[in-house]
1. Which value, in Å² rounded to 10, gives the accessible area of C212 with a 1.4 Å probe and all protein chains present?
2. From the P(r) of the range 259-339, could you give the percentage of C-alpha pairs in the tail past 20 Å?
3. Using the basic label-point model (7 angstrom from Cα toward the beta carbon), what is the V289 to K107 distance in nanometres?
4. Starting from the Cα of S47, move 7 Å in the Cα-to-Cβ direction to define the label point; list residues of the range 7-26 whose amide nitrogen is under 13 Å from there.
5. Between T149 and residues 5 or more places away or on another chain, which pairs have amide H atoms under 5 Å apart, with H built 1.01 Å from N, and which residues are they?
6. Could you check how much of the accessible area of the range 188-318 is carbon and sulfur, as a whole percent, using a 1.4 Å probe?
7. Can you compute the equivalent ellipsoid semi-axes for the range 285-442, i.e. the square root of 5 times each eigenvalue of the Cα gyration tensor, sorted largest first and rounded to whole Å?
8. Just reorder W85, W97 by solvent-accessible area, largest first, 1.4 Å probe, all chains present.
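The values are calculated or read from the model by the stated rules, or taken from the named source; none is laboratory data. As the structure is a computational prediction, the values presented were derived from the model and not from experiment. With ideal geometry, Cβ positions are generated from the backbone for all residues, glycine too; neighbour counts draw on all protein chains shown. Ligands, DNA and RNA are stripped out before the accessible areas are found, and what is left, the full protein with its side chains, is counted by its heavy atoms. Shrake-Rupley method; radii C 1.70, N 1.55, O 1.52, S 1.80 Å.
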Amino acid sequence: MAPLRYLSGFGSEFASEDPRCPGSLPKGQNTPQKCPYGLYAEQLSGSAFTAPRTHNRRTWLYRILPSAVHTPFSPVEQPYLTHDWKSSDPNPNQMRWHPFPIPPIDKEKVDWVQGLHTICGAGDPCARHGIAIYAYMCNTSMVDTCMYTSDGDFLIVPEKGTLHITTELGRMDVVNNEICVIQQGMRFSVEVDGESRGYVMEVFDTHFELPCLGPIGANGLANPRDFLTPVAWYEDRKVPHGRYTVINKYQGKLFQAHQDQSPFNVVAWHGNYVPYKYNLENFCVVNSVSFDHLDPSIFTVLTCQSVKPGVAIGDFVIIPPRWEVQANTFRPPYYHRNCMTEFMGVIKGSDEAKEEGFRPGGAVLYGMMTPHGPDAAYFQGASNAELKPQRVGEGTMKFMFESSLSLALTEWSQKTCECVDAEYYKCWLPLKSHFNPDWKPE
């Protein structure tokens, strides 16, 4: 099979047509009386019509049948998907989960939607404000089924297995150490090669954007050219007995409708409201070259901003391989209490600060003002290490979903999940006082 093709850029105005139908994009207008090839014109709006042009998001789709051709929606059960943040008691403790278990396929077939488990969140999609964090654990592909979320944008982080994602705008493969964003309203289906696991952050407020670089300058961190959007691809496929299932995540619940044709029938499209992916190896790391451990915000890949300047509903931050050269500095992350909530996961490798307990497919959560930092052994080692230039984190990749909201745990993530590490707090208990009232400067 030929490799998939992509368009390069972030937030750009793109235009694409399937090469099997040359000239399928209308010339010079969006809604001609008759579209080429007998297609229907349909607009997908990701912002209000009157949003400022710099924030206006929309794409025109030219498709074989409109997306409105389906039966009425009816509720569908998914017991692990919830936005009920009041069903479980608040928990201010440091939380750690061992790798989330993937169900064995010989016991139960679980696709990507069925494998979504809500870990924590806050806010309300009805009010278009908030965030939800999920893990997904699946073992089989979605067959004649697609999904879209009416609530927000999905940022998907695969940890195990490649995701072969078909969207209305085209196809993309997302491998370990890549991420993808599928924005509100975009229908997609996920195929997997076997056991698959990863993480999802959904933001309800607005869309992800690149962080401002400020005095860093015009270049660095995640460069726009490295974001990839799929090219147009369609299938004109009928499904017997009208059994193609369209799943809609709406106000935190799942609903399903049926239709007799594939939804991936968009022959051509143009606009700036698109799915995209990004390879984390392309991130241009910025770090201190003199002294002190800088704040992890220097590793921000994408951000969804709140109405307060510089305060995020959701940041996607990575802890990538990097050089550390700071002089006279405790180089690991400092001890910290944060007015933001920090959710962290391991994509590959291990955590240099807590190698044994924090593994790929697991997670940690530090709620608002919950103390955290290096354990005793790591503190001792870093406090006495020779401070020479050092390559750190080679072969690893960790990430953080950071939010200004106080995230509530679900019943599943706090009590039902079998991988909760109830002894996580013990990693800090061996820390001892080194206070010396007779200390004198050298």
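1. Counting only protein heavy atoms, C212 exposes about 130 Å² to solvent.
2. 57
3. Once both label points are built, they end up 5.3 nm from each other.
4. Zone members listed by number: 11-13.
5. The list, which skips near neighbours in sequence, is G185, M186, K249.
6. 52
7. In descending order, the three semi-axes are 27, 21, 17 Å.
8. W85, W97
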